[in-house]
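Everything below concerns the one structure shown next.
The values are calculated or read from the model by the stated rules, or taken from the named source; none is laboratory data. All figures in this text were calculated on a predicted structure; none of them were measured in a lab. Please note: Cβ atoms are built from the backbone with ideal geometry, for glycine as well, and neighbour counts cover all protein chains shown. The area values use the complete protein model at the heavy-atom level, side chains included, leaving out ligands, DNA and RNA. Shrake-Rupley method; radii C 1.70, N 1.55, O 1.52, S 1.80 Å.
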Amino acid sequence: MIFCVEDDGGIRELMIYALNSAGFEAKGFIDGEHFFETLKVERPQLVMLDIMLPGEDGIEILKKLKGKKSTEDIPVIMTTAKGTEYDKVIGLDLGADDYLAKPFGMMEMVSRVKAVLRRTAPKEEGRILRVGKLELNTADHTIFVSGERVELTLKEYELLQLFMNHLGRVYTRDQLLQSVWGINYTGETRTVDVHIGTLRSKLKECGDYIETIRGVGYRMEA
């Protein structure tokens, strides 16, 4: 759940719509009073917090959030129409995780939200994924084929981990673009085919585990 504290109704509804479209649940609040009332009964994954608000401003709200043990670890992205260096520095010094100056695009906002959530997510313990002669260690991002280490780019690694976590599932090219490149990626689906090709090549005899489903996309089978 993402909480959006924004007094401009039009901007607030756009933010909620964009977040919902990206797969997030979101709630909007016109001011700090309504925000804190809901915070008593529901904890968000992240807060989008405008600096210029009626009553208590965003800086004061941020101070309260970071000053309480129960809410200090909630990620916060500050937004403001001011665009001054002072506001940005104050917000970040108080513990904000990112900053967006208005006007900002909704796709950029969603991208920033995803990036902050990735950075602030609890570190998971490493797991070893195995498919046939292929092994992937999620802790140190190492890949071995028949005991020999292979080097992958970040996107190749993310594609491989997605496939290995969901053996047998068929992914369309658009789904792979969404999952690996994110909602803000504007390239063509040909990008997926190119990365699948280089990934198969690097995986050597295990490259055949990634099957092409004609007219649909790709899946991994041992």
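Can you work out D for segment 139-222 in µm² s⁻¹ from Stokes-Einstein, where Rh is the Kirkwood radius over C-alpha pairs, the temperature is 37 °C and the viscosity is 0.692 mPa s? In µm²/s, the coefficient is 251.
Residues whose amide H lies under 5 Å from that of Ala26, counting only those 5 or more places away or on a different chain, are Ile2; hydrogens are built 1.01 Å from N in the peptide plane. Compared with the dominant principal axis of the Cα atoms in the chain, helix 190-202 is inclined by about 50°.
On the beta carbon distance between Glu72 and Thr189, with R0 = 35 Å, the FRET formula returns roughly 0.25.
Here are some pairs, Lys40/Lys64; Lys69/Lys102; Lys64/Lys102; Lys114/Lys204; which of them have Cα atoms lying more than 22 Å apart in this structure? The pairs that break the limit, which is 22 Å between Cα atoms, are Lys69/Lys102; Lys64/Lys102; Lys114/Lys204.
With both partners inside the chain, how many of the DSSP beta bridges are antiparallel, as a percent to the nearest 5? Of the beta bridges lying entirely in the chain, close to 50 percent run antiparallel. Its Cα gyration tensor gives segment 131-187 an equivalent ellipsoid, and the semi-axes of that ellipsoid, as √(5λ) in whole Å with the largest first, are 23, 14, 8. Separation of the alpha carbons by more than 31 angstrom is noted, of Lys63/Lys155; Lys66/Lys155; Lys27/Lys68, for Lys63/Lys155; Lys66/Lys155. Computed from Cα positions, the angle between helix 58-67 and the longest principal axis of the chain comes to roughly 70 degrees.
In the chain, the longest principal axis of the Cα atoms and the axis of helix 9-21 are about 20 degrees apart.
Calculate, in whole percent, how much of the Cα-Cα pair population of the chain lies beyond 31 Å.
Within the chain, distances greater than 31 Å cover 37 percent of Cα pairs.
Would you work out if segment 3-104 is rounded, prolate or oblate? Take a ≥ b ≥ c from the square roots of the eigenvalues of the alpha-carbon gyration tensor; rounded if a/c is under 1.5, else prolate when a/b is larger than b/c, oblate otherwise. Because its axes are fairly even, with a/c under 1.5, segment 3-104 counts as rounded. Per residue of the chain, the DSSP helices (runs of n ≥ 4 H) give a summed -39500 (n - 2.57) that works out to -11500 deg cm²/dmol at 222 nm. In the context of the full protein assembly, Thr172 retains an accessible surface of approximately 50 Å², using a probe radius of 1.4 Å and ignoring ligands and nucleic acids.
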